[in-house]
Amino acid sequence: MNTTRIPRNLVLAEHQPVAARPLPDPAEDAIYAARVWDLIRADEASHAPAFTTHAAPPPRPLPAPQTPPVHAPVALVAPSAQPIPAWAKTTALLAPTIGGGIAAAGYGLSAAAPGLAAMSQLLWPIAAIAAACPLAGAALIRAVRGRTAETQPQQITQNIHAGLFGRANGTINHR
C-alpha cells in the first residue's frame with residue numbers, strides 16, 4: 001500500500017505543499033485494470049464452493065497483457081428530425097388559449113370589482129331575510145295551531161316486550 005500521500009502530522013498537513021503526481025497513461029491504466037480483473041477471475045475460479053460435488057476446473061493460464069486497440073475518432077452524426085407527436089401540437093395550441101382566457105378573466109374581475117362589492121352589500125340583507133323566514137313561518141304555524149286545537153293532541157303509547165333470545169313484539173295503544 002502506498003502511504004506517501006498520507007501525512008504523518010495532520011495538524012501541519014494543510015500548511016505543507018502537496019507535490020502533484022503525474023496522471024497515468026490511459027493505455028497503461030486500461031492494461032492494469034484488465035490485469036486486475038483477470039486476477040480476480042482466476043482467484044474466484046480457484047475457490048470452488050464447498051457444496052458442489054464436482055471438482056472446480058483448473059485455473060486458466062493468464063493471457064499476456066495486450067495494448068488496447070486504438071480506434072479512430074467517430075464522427076458525430078446529427079440526429080434525424082423526428083415528427084412532432086399530436087399531443088404536443090395540441091398542448092402547444094392550447095397554451096396561449098388558456099393563458100388568454102385567464103388574462104380575460106382577470107381583466108373582467110378587475111372591471112367588475114365595484115359592482116361585486118355593491119352586490120355583496122346587497123346579498124347580506126337577502127341572506128338575513130332568507131334565514132329569518134323559516135323561523136317566522138314556524139312561529140306562525142305554532143301560533144295558529146295553538147288557537148285551533150282546543151283538545152289535547154292524540155297520544156300513541158307502544159309497549160315492547162322481548163325476552164333474552166325471543167322476538168320482540170308489542171302493542172300500540174291510541175288514546
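Set side by side, the residues GLU44, GLU14 differ, and just one is part of a helix (DSSP H, G or I), modelled with pLDDT under 80 and open to solvent by 80 Å² or more (accessible area, probe 1.4 Å), which is GLU14.
Quick grid of which residues meet (1) among the polar types (S, T, N, Q); (2) surrounded by 10 or more Cβ atoms within 10 Å (Cβ to Cβ); (3) at pLDDT below 90; (4) assigned to a helix (DSSP H, G or I):
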| residue | (1), (2), (3), (4) |
| --- | --- |
| ALA103 | no, yes, no, yes |
| ALA112 | no, yes, yes, yes |
| MET119 | no, yes, yes, yes |
| GLY146 | no, no, yes, yes |
| GLN152 | yes, no, yes, no |
| ASN159 | yes, no, yes, no |
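The values are calculated or read from the model by the stated rules, or taken from the named source; none is laboratory data. If you're wondering where the values come from, they're calculated on a predicted model, not measured in any experiment. Glycine also receives a Cβ, built like all others from the backbone with ideal geometry; neighbour counts cover every protein chain displayed. Just the protein is used for accessible areas: all its heavy atoms, side chains included, with ligands, DNA and RNA removed. Shrake-Rupley method; radii C 1.70, N 1.55, O 1.52, S 1.80 Å.
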